[in-house]
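These notes concern the structure reproduced below.
The values are calculated or read from the model by the stated rules, or taken from the named source; none is laboratory data. Since we're looking at a predicted model, the values are computed, not measured. Quick reminder, even Gly has a Cβ in these numbers, built from the backbone with ideal geometry, and neighbours come from all protein chains shown. Heads up: the accessible areas ignore ligands, DNA and RNA and are worked out on the full protein's heavy atoms, side chains in. Shrake-Rupley method; radii C 1.70, N 1.55, O 1.52, S 1.80 Å.
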Amino acid sequence: MSGLLGSVAAYTVLFTLLVSTAEHLSRPAALAEALAAHRVLPAPVVVAALAIASEGLLAGTGIVALLHDSPAGLLIEVLVGGGALLGLYAGYGLHLMSTGRTGSCGCSRVELPMTGWVVARAATLAGLALVALFLSGSIIPADRTDAALAVVLLASATFTALLWHLPAAMYEPATARAARPTNARSIGTTEGGLPG
């Protein structure tokens, strides 16, 4: 059972990093624009490039480590790096929300605001990396062709899709607009926009 749990956790983290890299490369400026709008980090273009490169490097190295009979240490390093990167994403999101500097999360080519669901996704993935790290000795390699690997791949692909789309699925634009503070012009108007 620990082999299944550790494998699904590891493959989900790697698949999500791979999807994230592909999304960022499809619209490279999205992350840099979001970071610039947050006004927290210096040199947003450089930070965005480093984040995208880190995601791609971790995903690629992890997949190579699982495909080939590479030393277990390589996969452990990937899981530590992935967990740290995803933990930084969660911490950055929490900082933005606590300071009120929300805006686009820059997560993908789709404009999504920084919400608690973006933070929850990053924190969940960091937790999955930690689970995979503790169970790294029992992770099923990708060069094995049996039913166990098929179950792991299907479960991981499902969890990746669910986690990737979680912020978009849980975002309600109407609720977000209602939560915005009203301006002076809207006070005292009725639903039709006429003074009350």
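Which of Gly73, Gly82, Gly103 moves most in a GNM of the chain, Cα contacts under 10 Å?
Taking springs between Cα atoms under 10 Å, the residue moving most is Gly73.
On a 0 to 90 degree scale, rounded to 10, what angle separates helix 116-134 from the longest Cα axis of the chain?
With rounding to tens, the tilt is 10 degrees.
Name the long-range amide H neighbours of Ser104: under 5 Å, sequence gap of 5 or more, or other chain; modelled H, no Pro or chain starts.
Met114
Any chance you could give the angle, 0 to 90 degrees and rounded to 10, that helix 72-99 forms with the longest Cα principal axis of the chain?
10 degrees
What's the Kirkwood radius of region 92-133 in Å, using all Cα pairs?
11.0 Å
How would Thr115, Thr102 line up by accessible area, probe 1.4 Å, largest first?
Result of the area sort, largest leading: Thr102, Thr115.
Which is the longest stretch in the chain that no exposed loop site breaks, taking sites as GluC sites (Glu not before Pro) with a DSSP loop state and at most 15 other Cβ atoms within 10 Å?
1-110
In degrees from 0 to 90, rounded to the nearest 10, what is the angle of the helix 2-26 Cα long axis to the longest principal axis of the chain?
50 degrees
From Cα pairs below 8 angstrom and at least 6 apart in sequence, can you work out the relative contact order of the chain, rounded to a whole percent?
Reported as a whole number, the value is 31 percent.
Once you charge only the Cβ atoms, +1 for Lys and Arg and -1 for Asp and Glu, what is the size of the charge dipole of region 10-152 about its Cα centre, to the nearest 20 debye?
Dipole magnitude for region 10-152 comes out near 440 debye.
In deg cm²/dmol, rounded to 500, what helix-only [θ] at 222 nm does the chain give when every DSSP H run of at least 4 residues adds -39500 (n - 2.57) and the total is split over its residues?
It lands at -24000 deg cm²/dmol.
Given a 10 angstrom Cα cut-off, can you work out which residue in Leu88, Leu58, Leu17 is the most mobile in a GNM of the chain?
Leu88
From the Cα trace of region 67-123, what convex hull volume per residue do you get, rounded to a whole Å³?
Expressed per residue, the convex hull around the Cα atoms of region 67-123 is 85 Å³.
Could you pull the accessible area for Trp117 with a 1.4 Å probe, rounded to 10 Å²?
Number for this one is 100 Å².
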